Amino acid sequence: MALYLLYESSSGYALFNAHGLDEIGQDTEAVRSSITDLNRFGKVVKLAAFNPFASALDALNQCNAVSEGLMTEELRSFLELNLPKVKEGKKAKFSLGVAEPKIGSHIYETTKIPCQSNEFVLELLRGVRLHFDRFIKDLKPSDLEKAQLGLAHSYSRAKVKFNVNRVDNMVIQAIFLLDTLDKDINSFSMRVREWYSWHFPELVKIVNDNYLYAKVTKYIENKSELTEDKIPGLTEILGDEDKAKEIVEAAKASMGQDLSPIDLINVQQFALRVMDLSEYRRKLYDYLVSKMNDIAPNLASLIGEVVGARLISHAGSLTNLAKCPSSTLQILGAEKALFRALKTRGNTPKYGLIFHSSFIGRASARNKGRMARYLANKCSIASRIDCFSELNTTVFGEKLREQVEERLDFYDKGVAPRKNLDVMKAALESAQNQDGEMDIDDKTADVASTKSKKKKSKAEVSADETMTNGLANGDASEDPKKDKKKKEKRKLAEEQAETPESMDEDTHVNAEVGTAKKKKKSSNAVDGEDAEPVTEGKKKKKKSKGKGEE
């Protein structure tokens, strides 16, 4: 069987014919050794056709289609023009070797050209890539490198610029920087406390907050100059007049040593840096909240912006988080404890990063594992809605949060929560009222109504056909009446079983008379005079049966 190779280069599509491979027996090691030598490889693989791209934009479009596993019209026409035609109903005498199995399956579905992708084909394509500039006569190695570089830049730029507003990389960087700032601010604040305590040690016990301590340090400067005139300023910083008075009283009887003006200047500058870092940390937190509301609004409203950002950063992206099952999301961040438990055959962890959520802390000790499992389930749903939905709404996250709250009440008080189906219906309705873009229910209702209309029309058509056939053949009018007769017989049999023997004869005779009258009417309506002897014969049979029973 002949083997063709499809090679997608940066300058165009190339088709190679690989012949004389039966002798090699498709041994991968033998092909690997012969790839480096162009004389040996050129005897086995030869160029069959080459189709250059029209422009750089055309090359980018073709590259995007190949990466997604799709065959373009240009590639289809190139293959149909240069490959042998496959006759209908007959097996092809050749196969096409491709690098990606996805595009191979798409080529086979549309053109019925058999494709294969294995180690042997990949080794041959590696040799083609190595000696490609030698196969094309007019193609220079420098031109090929320029085409590869330009296509790589444009392809990467297009992949990065797919959606500026929904890039979750900003959230990942922001949460990393937030954690780093928290550590730095804590260490710097401790250094300010330790440094300024040599001058004013009593201030540490009065002011506990790091940011306020740095502010007060910057405001006081030298404790010997602290008088009652500065109480309003201290009150404005601390928000408590009693604390301000306490600081002034403590400064009068302080046991700290005096510092030189240069040392005080250094302390003030360092306190100012700590204040600036704290202010920047607040701004960064506001930025993170706004980005989370843009990227993952439902996840943020369910579990909080910081915990949601930690989940996204640990998973790598929002898409990776949406692909994670809820069991993986539950222990995300506790990988070391998980593998240690698997190694020592101990108890696996119940929660990871979602432990920082307020729901886990509010649950009782024996319900923390259940709450973590339920919360991970809802977080998985919220992340998938945020990742794959085009609407920027927090309705689903709020409804999922209500469900978690109801589950907490169920564990604590035994109050039965609402069903998930009812909650999601309410969320869809509220989302439709807010945005007016979610017409899922309307579409499904329209589809269902059209289907029911089709079914009704089909049923009416079939009923009309049966009526017309019955009028033509004279059979349709007899069938329903036979069913009525059978039902009447059953009723009579039940009545005979319930009533005494004296009543059996009267009811049986009346039933026979009634059925005989109905038979006459039906036979006259359908068959006319010809049906009369048939009904008389049936009467005689029934009479004989009735006499036998009596």
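The values are calculated or read from the model by the stated rules, or taken from the named source; none is laboratory data. Given the structure is predicted, the values throughout are model-derived calculations rather than measurements. Heads up, the Cβs are rebuilt from the backbone with ideal geometry, glycines too, and the neighbour counts pull from every protein chain shown. For accessibility, only protein heavy atoms count, side chains too; no ligands or nucleic acids. Shrake-Rupley method; radii C 1.70, N 1.55, O 1.52, S 1.80 Å.
A few points about this structure:
- Spans of helices (runs of 4 or more DSSP H) in the stretch 315-391 with at least 2 residues polar (S, T, N, Q) and under 30 Å from Gly414 (Cβ atoms): 326-330, 368-388
- Considering Lys218, Lys245, the condition of being part of a helix (DSSP H, G or I), crowded, with 16+ Cβ neighbours inside 10 Å, among the basic types (Lys, Arg) and modelled with pLDDT of 85 or more is satisfied by Lys218 alone.
- Tallying residues that are hydroxyl-bearing (Ser, Thr, Tyr) and surrounded by 17 or more Cβ atoms within 10 Å (Cβ to Cβ) within the stretch 275-316 yields 3.
- Asn293 touching a Phe, Trp or Tyr at 6+ places or on another chain (Cβ under 7 Å), assigned to a helix (DSSP H, G or I) and in contact (Cβ under 8 Å) with a residue 24 or more places away in the chain: no
- The stretch 75-113, residues that are open to solvent by less than 50 Å² (accessible area, probe 1.4 Å) and free of Cβ contacts under 8 Å to residues at least 24 places away in the same chain: Ala92, Gly104
- Per-region count, the stretch 325-352, residues hydrophobic (A, V, I, L, M, F, W, C) and open to solvent by less than 30 Å² (accessible area, probe 1.4 Å): 4
- Residue in the stretch 380-395 that is surrounded by fewer than 20 Cβ atoms within 10 Å (Cβ to Cβ), of a type in the set (S, T, N, Q), at pLDDT 90 or above and farther than 11 Å from Asn298 by Cβ present: no
- Counted residues, the stretch 361-376 - those being surrounded by fewer than 19 Cβ atoms within 10 Å (Cβ to Cβ) and closer than 16 Å to Gln403 by Cβ: 4
- Some residue of the stretch 121-139 being in a strand (DSSP E or B), more than 30 Å from Leu321 (Cβ to Cβ) and touching a Phe, Trp or Tyr at 6+ places or on another chain (Cβ under 9 Å): no
- Pairing each residue of the stretch 329-348 that is over 18 Å from Ser380 (Cβ atoms) with any residue that is open to solvent by 100 Å² or more (accessible area, probe 1.4 Å) and among the polar types (S, T, N, Q), provided the two are 6+ apart or on different chains, yields C-beta distances under 7 Å for Ala341/Asn347.
- Identity of the residue in the stretch 422-434, among the small types (Gly, Ala, Ser) and buried (at least 16 other Cβ atoms within 10 Å of the Cβ), that ends up farthest from Asn298 (Cα to Cα): Ser430
- Leading residue by the ranking (surrounded by the fewest Cβ atoms within 10 Å (Cβ to Cβ)) among those in the stretch 191-206 that are within 16 Å of Asp258 (Cβ to Cβ) and of a type outside the set (A, V, I, L, M, F, W, C): Ser197
- Breaking point among (1) without any contact (Cβ under 8 Å) to a residue 40 or more places away in the chain; (2) open to solvent by less than 20 Å² (accessible area, probe 1.4 Å); (3) of a type in the set (Val, Ile, Thr), for Ile265: (2)
- Of everything listed in (1) closer than 13 Å to Ala244 by Cα; (2) loosely packed, with under 13 Cβ neighbours inside 10 Å, the single unmet condition for Asp209 is (1).
- Qualifying residue in the stretch 58-69 (condition: in contact with a His (Cβ under 8 Å, 6 or more places away or on another chain) and more than 22 Å from Ala48 (Cβ to Cβ)): yes
- Top-ranked residue in the stretch 117-150 [being in contact with a helix residue (DSSP H, G or I) (Cβ under 8 Å, 6 or more places away or on another chain) and under 21 Å from Ala56 (Cα atoms); ranked as least open to solvent (accessible area, probe 1.4 Å)]: Phe132
- Among the residues examined, Phe188 qualifies as at pLDDT 90 or above and open to solvent by 70 Å² or more (accessible area, probe 1.4 Å).
- Residue in the stretch 402-421 that is touching a residue at least 24 places away in the same chain (Cβ under 8 Å), surrounded by 18 or more Cβ atoms within 10 Å (Cβ to Cβ) and closer than 23 Å to Gly316 by Cα present: no
- Filtered residues of the stretch 221-242 (kept if open to solvent by 70 Å² or more (accessible area, probe 1.4 Å) and of a type outside the set (Gly, Ala, Ser)): Glu221, Glu225, Glu228, Asp229, Pro232, Glu236, Glu241, Asp242
- Test: Arg157 is in a helix (DSSP H, G or I), without any contact (Cβ under 8 Å) to a residue 40 or more places away in the chain and open to solvent by less than 40 Å² (accessible area, probe 1.4 Å): no
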